[in-house]
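Read the structure below first, then the notes.
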Amino acid sequence: MIDSRGIRTAAFACLAVAAVFALVWGATYVPANAAEEEEGGLPDVMTLDGCGEKKGLVEFPHTAHFEVSDCVTCHHTTEGLTLENVAETEVETCVSCHFEPAGDGVPDCSSMSLKKNAYHISCVGCHKDMDTGEEAYAAPTRCNDCHAKD
Ligand code: HEC
Ligand code: HEC
Ligand code: HEC
Ligand code: HEC
């Protein structure tokens, strides 16, 4: 069972923390330290926009998803990835393999299609699969609920 308040609270907490530390951290990627141990030193919210210009960028609450999924469900090529070993593990970006891939059958993240874009298959697919039907369920499935208006 997914606690919708959990992820939303986490998302808000993450945003608040991000806001407080934004000035100090700037846009730099920070390594894990004691204070950030819980989230592995990872940024709470990531801006995904490496796949093209047709639609607006997508704000992705990364750490909030740790409550609802294992790392490897999304990072499907990084065997055994966890919060505990992330500091010693090289995590390749989705974009490095999914942006205009050469291989047949590898979904392309520049695609408009909900069925052929790696992000759409992953993000929208899971949001539909895990839908509790409750009004409070907040996982977006419509284009402009994910993509910022230009
Ligand atoms: C393994 C399943 C899964 C995957 C994959 C996934 N999500 Fe989610 N997402 C969820 C669930 C579950 C929620 C929380 C729904 C709730 O309980 O309200 C959620 C919530 C969200 C929210 C709303 C957060 C809030 O509380 O307002 C956003 C935005 C979001 N996801 C974006 C994305 C994007 C972008 C991707 C792909 C990069 C993605 N998600 C991939 C399961 C997933
Ligand atoms: C759950 C969130 C989510 C939903 C819903 C969603 N997308 Fe995306 N989409 C993404 C993510 C993440 C990317 C990769 C980031 C990027 O480059 O914008 C992406 C990439 C794209 C791209 C390629 C990049 C670009 O901007 O040219 C297009 C086109 C696109 N989406 C169109 C759509 C359309 C049309 C819909 C509705 C039918 C839709 N998306 C619904 C998350 C979503
Ligand atoms: C719901 C899907 C999802 C889950 C669950 C998830 N991630 Fe991610 N993660 C992403 C996406 C999407 C990106 C951005 C990749 C990109 O820019 O191409 C990312 C980026 C990262 C990066 C940065 C990669 C880089 O070099 O920029 C690291 C490190 C990472 N994740 C670690 C983890 C760990 C550790 C966990 C589990 C505790 C985890 N992720 C869980 C989707 C997820
Ligand atoms: C090292 C390269 C690599 C990385 C990194 C990678 N992928 Fe993939 N991905 C592939 C290949 C190759 C396939 C096609 C073969 C397969 O299904 O394994 C694939 C398939 C997929 C599929 C289709 C699965 C299906 O059942 O149709 C999705 C969705 C997907 N990747 C999402 C992601 C997301 C989201 C990330 C980042 C969090 C990511 N991938 C990172 C190489 C990669």
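Glu38 passes every criterion in (1) at pLDDT below 95; (2) among the acidic types (Asp, Glu); (3) near ligand 2 (Cβ under 9 Å from one of its atoms) apart from (3).
Among the residues that make up the range 110-117, is at least one of them out of contact with any Asp or Glu (no Cβ under 8 Å at 6 or more places or on another chain) and either in a helix (DSSP H, G or I) or over 22 Å from Asp49 (Cα atoms) (or both)? Give the derivation first.
Going through the range 110-117, the residues out of contact with any Asp or Glu (no Cβ under 8 Å at 6 or more places or on another chain) turn out to be 111-115.
Now narrow it down to the ones that are either in a helix (DSSP H, G or I) or over 22 Å from Asp49 (Cα atoms) (or both): none.
Checked the range 110-117: no residue is out of contact with any Asp or Glu (no Cβ under 8 Å at 6 or more places or on another chain) and either in a helix (DSSP H, G or I) or over 22 Å from Asp49 (Cα atoms) (or both).
Residues in the range 63-78: is at least one outside any loop (DSSP other than H, G, I, E, B), among the small types (Gly, Ala, Ser), at pLDDT 95 or above and more than 17 Å from Val45 (Cβ to Cβ)? The answer is no, given that none of the residues of the range 63-78 is outside any loop (DSSP other than H, G, I, E, B), among the small types (Gly, Ala, Ser), at pLDDT 95 or above and more than 17 Å from Val45 (Cβ to Cβ). Among the residues of the range 125-143, those identified as surrounded by 10 or more Cβ atoms within 10 Å (Cβ to Cβ), without any contact (Cβ under 8 Å) to a residue 60 or more places away in the chain and not hydroxyl-bearing (Ser, Thr, Tyr) are Gly125, Cys126, His127, Lys128, Asp131, Ala139, Pro140.
When each of Ser110, Ser122, Ser96 is tested for being modelled with pLDDT of 95 or more and surrounded by fewer than 12 Cβ atoms within 10 Å (Cβ to Cβ), the lone residue that passes is Ser96.
Residues Val72, Val86: which one is hydrophobic (A, V, I, L, M, F, W, C), closer than 25 Å to Leu57 by Cβ and without any contact (Cβ under 8 Å) to a residue 60 or more places away in the chain? Show your work before the answer.
Working: Val72 fails: closer than 25 Å to Leu57 by Cβ.
Exactly one of Val72, Val86 is hydrophobic (A, V, I, L, M, F, W, C), closer than 25 Å to Leu57 by Cβ and without any contact (Cβ under 8 Å) to a residue 60 or more places away in the chain, namely Val86.
Screening His120 on (1) part of a loop (DSSP other than H, G, I, E, B); (2) within 13 Å of ligand 3 (Cβ to nearest atom) shows it passes everything except condition (1). If you go through the range 49-92 and keep only what is more than 12 Å from the chain's Cα centre (by Cα) and of a type in the set (Ser, Thr, Tyr), you end up with Thr77, Thr78, Thr82, Thr89.
Mind checking which residues of the range 81-93 are surrounded by fewer than 16 Cβ atoms within 10 Å (Cβ to Cβ) and either under 23 Å from Ala138 (Cβ atoms) or in contact with a helix residue (DSSP H, G or I) (Cβ under 7 Å, 6 or more places away or on another chain) (or both)? Show your work before the answer.
Initially, the range 81-93 is screened for residues surrounded by fewer than 16 Cβ atoms within 10 Å (Cβ to Cβ), giving 82, 84-85, 87-93.
If the condition is that a residue be surrounded by fewer than 16 Cβ atoms within 10 Å (Cβ to Cβ) and either under 23 Å from Ala138 (Cβ atoms) or in contact with a helix residue (DSSP H, G or I) (Cβ under 7 Å, 6 or more places away or on another chain) (or both), then Thr82 is the only one that fits.
Candidates are the residues of the range 93-109 that are β-branched (Val, Ile, Thr) and in a loop (DSSP other than H, G, I, E, B); the one that is farthest from ligand 2 (Cβ to nearest atom) is Val106. Could you list, in sequence order, all residues of the range 38-56 that are touching a His at 6+ places or on another chain (Cβ under 7 Å), surrounded by 15 or more Cβ atoms within 10 Å (Cβ to Cβ) and touching a residue at least 60 places away in the same chain (Cβ under 8 Å)? Listed by number, the list holds a single entry, Lys55.
The values are calculated or read from the model by the stated rules, or taken from the named source; none is laboratory data. This structure is a prediction, so every number in the text was calculated from the model and none was measured. When we count neighbours, we look across all protein chains shown, and the Cβ atoms used for this are built from the backbone with ideal geometry, even at glycine.
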